[in-house]
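The values are calculated or read from the model by the stated rules, or taken from the named source; none is laboratory data. What you see is a predicted model; the values in this text were computed from it and never measured. Here the Cβ positions follow ideal geometry from the backbone for every residue, glycine too, while neighbour counts run over all protein chains shown.
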Amino acid sequence: MEMWNKFRSSVMLTLLCASPALAAEKVYVYNWTEYIPEAVLEQFTAETGIEVVYSTYDSNETMYAKLKLVKKDGYDVVFPSTYFVSKMGKEGLLQPLDHLLLPNGKALDARLMDKPYDRGNVYSLPYMWGSTGIAFNSSVIPDGEVIHWQDLWNPVYKGKLLLQDDMREVFHMALKIQGHSSNSTDPKEIEAAYLMLKDLMPNVLLFNSDSPRLPYLAGEVNVGMIWNGEAWMAQLENEDIRYVYPSEGANLWVDSFVIPRSARNPKNAHAFINFMMKPEVAKICVEENGYATPVTTALPLLEERVRNSLTVFPTTEILDNGEFQTDVGDALPIYQQYWEKLRTGN
């Protein structure tokens, strides 16, 4: 754990093969915290001789803001969530993928391809997909006490909740409770969601999208939001941690490989993406991170406890009850306005 924490906290990690001479080429990767096992990055360098210069972010907004500022010699591979692919593509921040350089993409799950946020997968290919639901510690909170998003509003949880530090995911809860799409663009529905979330704020102890499992493991919080992969990793250390798909519907997302327009090494970026889609590599990522892979050839390789875990792989019924994020277009500033008010207590 100590070694991994050092890796996670590093702003930039250079992974070399046995000799610097073997890693003269570079690929600059900008990714979510704790999203690719260190061993996988080392393996890529060992196989290709390409040095990985690795940096991390903890929100789509942080990643997006940074890419907007970089005009050239920027990152080579980035991992935006669902609707940010559409947004970044429309704004000219991405370059089209050369699918001839990505033969391993043929094994990707067709259900996650050609989605509305990137028709034809011009700019993106899925890396991992998952959900945002509820975590609770069953040694403190009985099973069955928290099964709805609405349950988080219970006054008994005053000053005890963890929420993801993610605007769309937090608004998802209130919109679904009120019977609306979590991709609503109706100003009145968004305002009503804000007012409901404002009532929730007394229950919130902290916002965290940087390893949110850690406050659960430390006993700092016992209930709140979490990504399914973080819940999976928490369960490996504490079997009392439970993951719940709320009855109103979980928030579903896909994180994708993209190559920014300002990438300095597009060829190496394609090599990195193609490597990450190898079944044996995807297997390692799933088993360590607890998120589902779209690489179908990796599924038979998974340990049975992973392949059969509902935390990692939800049922079709759970998926049908959830909702994938999409681009809300001109309504985004409305969300941002209310998000700022929530975070500042106004």
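Quick rundown of the values:
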{"quantity": "Hits in the range 91-138 - residues which are over 23 Å from F272 (Cβ atoms), in contact (Cβ under 8 Å) with a residue 40 or more places away in the chain and assigned to a loop (DSSP other than H, G, I, E, B)", "calculated": "P116, S138"}
{"quantity": "Residue among T33, T48 that is touching a helix residue (DSSP H, G or I) at 6+ places or on another chain (Cβ under 7 Å), at negative phi and either surrounded by fewer than 16 Cβ atoms within 10 Å (Cβ to Cβ) or at pLDDT below 90 (or both)", "calculated": "T33"}
{"quantity": "Selection count, the range 244-298, where residues are part of a helix (DSSP H, G or I) and of a type outside the set (G, A, S)", "calculated": "21"}
{"quantity": "Count of residues meeting criterion [of a type outside the set (S, T, N, Q), buried (at least 20 other Cβ atoms within 10 Å of the Cβ) and either touching a Lys or Arg at 6+ places or on another chain (Cβ under 6 Å) or not in a loop (DSSP other than H, G, I, E, B) (or both)] in the range 78-88", "calculated": "5"}
{"quantity": "Unique match (being in contact with a Lys or Arg (Cβ under 6 Å, 6 or more places away or on another chain), at pLDDT 95 or above and either closer than 29 Å to N289 by Cβ or among the charged types (D, E, K, R) (or both)) among F136, F171", "calculated": "F136"}
{"quantity": "So N238, is it buried (at least 24 other Cβ atoms within 10 Å of the Cβ), under 17 Å from L162 (Cβ atoms) and not hydrophobic (A, V, I, L, M, F, W, C)", "calculated": "no"}
{"quantity": "Subset of the range 63-77 [out of contact with any strand residue (DSSP E or B) (no Cβ under 6 Å at 6 or more places or on another chain), of a type in the set (D, E, K, R) and surrounded by 10 or more Cβ atoms within 10 Å (Cβ to Cβ)]", "calculated": "K66, K68, D73"}
{"quantity": "Which listed residue is surrounded by fewer than 18 Cβ atoms within 10 Å (Cβ to Cβ), aliphatic (A, V, I, L, M) and in contact with a strand residue (DSSP E or B) (Cβ under 9 Å, 6 or more places away or on another chain), from L252, L205", "calculated": "L205"}
{"quantity": "Within the range 24-71, tally of residues that are closer than 20 Å to M128 by Cβ and among the β-branched types (V, I, T)", "calculated": "8"}
{"quantity": "The listed residue being assigned by TED's automatic domain parsing to the domain that holds L112, crowded, with 19+ Cβ neighbours inside 10 Å and either among the aromatic types (F, W, Y) or under 22 Å from the mean Cα position of the chain (by Cα) (or both), out of V223, V258", "calculated": "V258"}
{"quantity": "Number of the exception - L302 against (1) surrounded by fewer than 23 Cβ atoms within 10 Å (Cβ to Cβ); (2) more than 17 Å from the chain's Cα centre (by Cα); (3) outside the structural domain of L94 (by TED's automatic domain parsing)", "calculated": "(3)"}
{"quantity": "Members of the range 262-276 found to be crowded, with 21+ Cβ neighbours inside 10 Å and within 16 Å of E38 (Cα to Cα), listed by number", "calculated": "F272, I273, M276"}
{"quantity": "Residues (under 9 Å from Q164 (Cα atoms) and aromatic (F, W, Y)) located in the range 202-221", "calculated": "F207"}
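One line per residue, one yes/no per condition, for (1) assigned to a strand (DSSP E or B); (2) β-branched (V, I, T); (3) modelled with pLDDT of 95 or more:
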residue: L195; (1), (2), (3): no, no, yes
residue: P202; (1), (2), (3): no, no, yes
residue: E220; (1), (2), (3): no, no, yes
residue: I226; (1), (2), (3): yes, yes, yes
residue: E230; (1), (2), (3): no, no, no
residue: L236; (1), (2), (3): no, no, no
